[in-house]
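The values are calculated or read from the model by the stated rules, or taken from the named source; none is laboratory data. Computed from a predicted structure; not experimentally measured. Here the Cβ positions follow ideal geometry from the backbone for every residue, glycine too, while neighbour counts run over all protein chains shown. All accessible areas refer to the heavy atoms of the entire protein, side chains included, with ligands and DNA or RNA removed. Shrake-Rupley method; radii C 1.70, N 1.55, O 1.52, S 1.80 Å.
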Amino acid sequence: MADSGPEISKWQKLAEKELRGTSLESLTKSTPEGIDIKPLYTAEDLENLEFVNNLPGVDPFVRGVRASMYTNRPWTIRQYAGFSTAKESNLFYRKNLAAGQKGLSVAFDLPTHRGYDSDHPRVTGDVGKAGVPVDSVEDMKILFDGIPLDKMSVSMTMNGAVLPVLAGYIVAAEEQGVSQEKLMGTIQNDILKEYLTRNTYIYPPEPSMRIVSDIVGYCSKNMPKYNTVSISGYHMMEAGADSVLQTAFTIADGIEYVKAALNAGLDIDDFAPRLSFFFGIGMNFFMEIAMLRAARFLWADLMKQFNPRNSNSLMLRTHCQTSGWSLTQQDPYNNIIRTTLECLAAVLGGTQSLHTNSFDEAVSLPTDLSARVARNTQIIVQEESQVTRVVDPLGGSYYVESLTHSIIQEARKIINEIDELGGMAKAIVSGMPKMRIEESSARRQARIDQEKDVIVGVNKYQVEDEAPMEVREISSEVRDQQVARLKEIKENRDNVAVEKVLAAITKCAETGGNLLEVSIEAVRKRATVGEISDAMEKVFGRYVATTQCISGIYASEYQDNEILASLRKRTDEFAEKEGRRPRILVTKMGQDGHDRGSKVVATAFADFGFDVDISPMFQTPAEASRIAIDNDVHVVGVSSLAAGHKILVPELIASLKKQGGENVLIVVGGIIPPADYDFLYDVGVAKIFGPGSVITECANHVLNALENR
Amino acid sequence: METDPEYYVSGVCAGNRKILAKTITLVESSLPKHQELITGVLNRLLPFTGKAVRLGITGVPGVGKNTFVESLGMLLVERGQRVAILAVDPSSTHSGGSIMGDKTRMEKLSAQPNAFIRPSPSGGTLGGVSRKTRESLLVCEAAGFDVVMVETVGVGQSEVSVASIADFFLLLMLAGAGDGLQGIKRGILELADAVAVNKADGDNLAKTLQAKNIYADAMHLFSSDNTNWSPPILTCSALHMIGIAEVWETVLDHHEKMSATGALEQKRKKQAIQWMLTLLEEGLKDWFYQIPEVKKLLPQLTWEIERGESTPTAAVRKILTSLNN
Ligand code: B12
Ligand SMILES: Nc1nc2c(ncn2[C@@H]2O[C@H](COP(=O)(O)OP(=O)(O)OP(=O)(O)O)[C@@H](O)[C@H]2O)c(=O)[nH]1
Ligand SMILES: [Mg+2]
């Protein structure tokens, strides 16, 4: 504890008196980031902090990237959405714009993300389920029908199939009569974090980095108002990264893109001002605010090594999204309160645009109602709360400034580590960042499971009888519609011309040239997303992730050894009785890339004494069932979060049966709307574990089910 | 669990995947009744074994064993061969459990109809890695696989076991940062029939070629007891499928030479005899510690040594003579 002068000692005495015997030191708590938070901050904590008392709008931009911030113009309300079909999504967008939303943000479905057309055999469970399917420019045109692309800023979350999709947007605008230089908005185009956490990559890192550079290069020439990379930490946070990890890895990704663009021969000031960022904002209120301030400082600081002449090149402009992970299936209206707090943190941290999540986040894609509440959360903060009246209202706060400093320090350490590995691309290959994030996620889960971290409605103040909630369900007819449209498009285009332009893409992939330029040409000829992606895959190949498995982390965080010990005793007893340990295959089927849950379940089960097999990602039901048979597992645990369960789980069970695996126990975890439980039980699922399940309890249930077989 | 040996024997011989998998489970089981059953099954499978090329692969964690097996496996499958892979994964000493991600790195191969991949936890079973894998290997041979690969992490005892099972023992290595043999024990190098320096690609290529020379020099120091085979040092990139065919050529070359001279048969016989002796030693140990007299004397003598009242030599003599009476 700092001891300066009579004042602070006076406070210490008073506080100690209130504490009645417990030490003052015990009030200092360490965060997951490893930062000690003291009970009180004073002016002394600000001494020697270089960045305090700077002004907003000037380097190092800790207080904000604009001088006037929200006093002049508030942040952009930009809700991420897309589902079912281009037509339905378009309707949804138009309604939202009419109701106060200011920018668009398109969520594509998983087949599109991974470069598959809707008729591909690997995507039977995924079309339109978790975003909007776009197979060709015809879908793109419908998506933006009635939305003037020269006036509306459009953000597109696309990384894997970024070339055909960005080309589709450009051609859709063109056919609307809007030329390229008028387009404004953002393409995510941040491939590095896909290998880390988001999992919608297509090609290996090297050719993917070339694609990033090609896009940056093309846009810096032809689309001056367009943000060419949105360097994203959000997905890392949602996968388990704490604020320091999020900051460090995101900034390090950014530096890697800058280096790639410089290597491709671009001038720093021609593209750096068009780089933007995307951060995730969780429930640790002041930490989130400090994180945004720290990130701005670090970026400005690190960008100076490239000697930009334009100060905009030092500026970290960012979109933010509140944390979906912090939202619960249980007692879901609490989520509105959580989102409000997170929204406020993003605003006090100085974001340029924001997405707020819906209260049904942990159940399905938002309904009209939940989407309205989510949007209004921002509108209320913007138009009722008066927080926009002053620029950086927390500037000068002893606590926030000190915390900003701590994050800068801690993140720097990690950034240096990455430097030593040779930059972020190399670090990713080494596996270090992914490992850190997964460890952080496993620890978090263990703390929640032990009720050390409180989540209201999940591990404290639970509600007995929850009322059923309205759920958005995507019809499986969507796929049929898409397939029919694809057929029609292919029948009505000049197929010879298409073949020619696809060959040109393959050639360009092989020998060089700008891939976006040829992709635009191909889209004009009505080549599809899948065809364009395939044309490049011929040269680049498809990336297969190397899954690393951490072990012992969950258990090490688990202080309540009684529960752990009793589980280990159970698995030992099982082994004694059966001749081997209980063996479970944890698998992910379809294009669903949410692997946080499957990873943490796998590592925890191994810590309990299970033998755990993990399958590659993106399995077809036939592939998953074959692993189950070959490895002779007792249980298959399906983790399903992207709404493919009603198609994929029955197929898995049928396929197991065909191979004589009718005795294999099936359990399912993830996002399963309560209304679907009976459907899954009827096809033969033994047990379903939804969001918020305590993993020790899951394991006990699995063992019970095995014993009762 | 099916208890009729015929079920397993006919299933394995017919190449039924599920029954093959179940038979390996039996091999791995620690239950006496399963062991009895599998002994009978193995006896009947024996006539159908011995036809595969048995390839043992080891190397430090991260050297690229899985990736190598995926690449070599795909190459063989594309040539119309049937390949079985037995991968041994370490079990945790704390929980006894394990986490087996092998198939995440053998994605293409694990979907091939002509490939069978079985990861197994190293821990907990009687007889350790060698008994399980040796017998599983025989089962795979009976199921008609042309090549059986056994993959283990190169730490501790397991690679020695693998060498005692395989016709060809391949050691995968990396180009270290200037160091000699990076913790690989001399004994293991002596066992290797070839060393492949992996990750010979990209930035790493030059380093690999350098390492190849260093290792070649080091290998010279070990004079092999095999006069017609001197272990070559190769380089490959498992990830980019470079040099994999060459490694396989080497294996085949070795196989042909050894077969022609009868050395292969000799090696397998020697392995079988060694195997019998190992089993005998293990059996003896188990049997010995179960003797009531030993069970009684051992704690007593341990205590005496602790208090300095007896010496280890005297204590051992006492136990052994007590048995003679
Ligand atoms: C984290 C997250 C992400 C991260 C994923 C990071 C990662 N690598 O996993 C990021 C940000 C990358 C992401 C991206 C997307 N996401 Co997301 N995401 C989530 C979120 C917020 C939390 C999921 C999570 O990890 N929770 C923590 C883990 C530990 O919980 P869990 O997986 O549920 O597992 C628990 C139980 O379910 C159970 N369990 C689960 N599996 C198993 C298996 C076994 C064997 C057992 C015993 C138990 C068990 O035990 C676990 C412990 O309690 C959910 C909403 C929510 N709150 O759940 C949306 C959500 C799943 N995402 C959604 C969508 C649409 C997407 C995108 C497709 C959006 C888009 N169009 O671009 C993308 C693409 C992702 C992809 N490649 O598939 C939707 C899915 C909609 C639906 N099902 O109808 C959701 C539901 C949000 C929403 N309401 O819109 N997402
Ligand atoms: N550059 C390069 N990387 C490789 C090569 N072979 C494997 N790797 C990478 O090295 C890492 C480890 O490969 P694995 O095949 O899992 O290695 P392993 O020896 O089975 O590892 P453990 O199972 O942990 O013992 C992965 O990231 C592979 O992609 C190669 O030839 N070149
Ligand atoms: Mg391995």
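Among the GluC sites (Glu not before Pro) found in the range A:9-99, those both in a DSSP coil and sparsely packed, with 11 or fewer other Cβ atoms within 10 Å of their Cβ, are A:GLU47.
Loop-located trypsin sites (Lys or Arg not before Pro) in the range A:272-353 (DSSP state not H, G, I, E or B) with no more than 16 neighbouring Cβ atoms inside 10 Å: A:ARG309. Quote the relative contact order of chain A in percent (integer), defining contacts as alpha-carbon pairs under 8 Å separated by 6+ residues. So the answer I get is 15 percent. In a simple Cβ point-charge model (Lys, Arg +1; Asp, Glu -1; nothing else charged), the protein assembly as shown has a dipole of about 680 debye relative to its Cα centre.
For the set A:LYS490/A:LYS525; A:LYS87/A:LYS500; A:LYS151/A:LYS225; A:LYS95/A:LYS646, the pairs lying more than 22 angstrom apart at their alpha carbons are A:LYS87/A:LYS500; A:LYS95/A:LYS646. Distance distribution note for the range A:149-271: the fraction of Cα pairs above 22 angstrom is 35%.
Take the solvent-accessible surface of the protein heavy atoms, probe 1.4 Å, and return the percent of it on the range A:426-573 that carbon and sulfur atoms account for.
Answer for the range A:426-573 is 47 percent, counting heavy atoms of protein chains only.
Note on the range B:1-54 and the range A:112-153: Cα centroid distance 51 Å, given to the nearest whole angstrom.
Once a ≥ b ≥ c are taken as the square roots of the eigenvalues of the Cα gyration tensor of chain B, is the result rounded (a/c under 1.5), prolate (a/b larger than b/c) or oblate (a/b not larger than b/c)? The shape class here is oblate.
Would you mind counting up the charge near B:ALA315? Only other residues with Cβ under 13 Å from its Cβ, with Lys and Arg at +1 and Asp and Glu at -1.
Here the count lands on 0.
Work from the charge dipole of the range A:146-255 (Cβ charges, +1 for Lys and Arg, -1 for Asp and Glu, about the Cα centre) and give the residue of A:GLY160, A:GLN176, A:SER213 farthest towards its positive end. Highest projection toward the positive end goes to A:GLN176. Judged by the ratio a/c of the largest to the smallest principal axis of the C-alpha gyration tensor, the range A:404-493 counts as oblate, that ratio being 1.5 or greater while a/b is no larger than b/c. So for the protein assembly as shown, what percent of the C-alpha to C-alpha distances run longer than 57 Å? Here the long-distance tail beyond 57 Å is 18 percent of all Cα pairs in the protein assembly as shown. Around B:PHE68, with a cut-off of 11 angstrom between Cβ atoms, what is the net charge of the other residues, counting Lys and Arg +1 and Asp and Glu -1? Once all neighbours under 11 Å are counted, the net charge is +1.
A 1.4 Å probe run over the protein chains yields, for the protein assembly as shown, 41 Å² of accessible area per residue, whole-number rounding.
For chain B, the longest stretch holding no trypsin sites (Lys or Arg not before Pro) located in a DSSP loop with at most 15 other Cβ atoms within 10 Å is which?
With trypsin sites (Lys or Arg not before Pro) excluded where exposed in loops, chain B gives B:186-306 as its longest stretch.
Here the contact order of the range B:1-48, divided by its residue count and restricted to Cα pairs under 8 Å and six or more residues apart, works out to 39 percent. The HN-Hα couplings worked out from phi for the range A:529-536 by the Karplus form 6.51 cos²θ - 1.76 cosθ + 1.60 (θ = phi - 60°) are 4, x, 5, 5, 5, 4, 4, 7 Hz, whole numbers, x standing for Gly and Pro. Would you tally the net charge around A:LYS221, using a Cβ to Cβ cut-off of less than 12 Å, leaving A:LYS221 out, and scoring K and R as +1, D and E as -1? Net of charged neighbours comes to -4. Between chain A and chain B, the total buried accessible area stands at approximately 2800 Å², from heavy atoms with a 1.4 Å probe.
Going from most exposed to least, what order do A:ILE142, A:ILE215 have by accessible area with a 1.4 Å probe?
So, going from the largest accessible area down, we get A:ILE142, A:ILE215.
Each Lys and Arg Cβ is given +1 and each Asp and Glu Cβ -1; about its Cα centre, chain B then shows a dipole of about 420 debye. Burial of accessible area (probe 1.4 Å, heavy atoms of protein chains only) in the range B:77-107, relative to its chain alone, reaches at least 50 Å² for B:SER95, B:ILE99, B:MET100, B:LYS103, B:THR104, B:ARG105, B:GLU107.
Working from Cα pairs under 8 Å separated by at least six residues, relative contact order for chain B is 17 percent. Positive-end ranking of B:SER91, B:PHE169, A:PRO366 along the dipole of the protein assembly as shown, with charges on Cβ about the Cα centre, is headed by B:PHE169.
Given all pairs of different Cα atoms, what value in angstroms does the Kirkwood hydrodynamic radius of the range A:250-345 take?
By the Kirkwood definition, the hydrodynamic radius is 15.0 Å.
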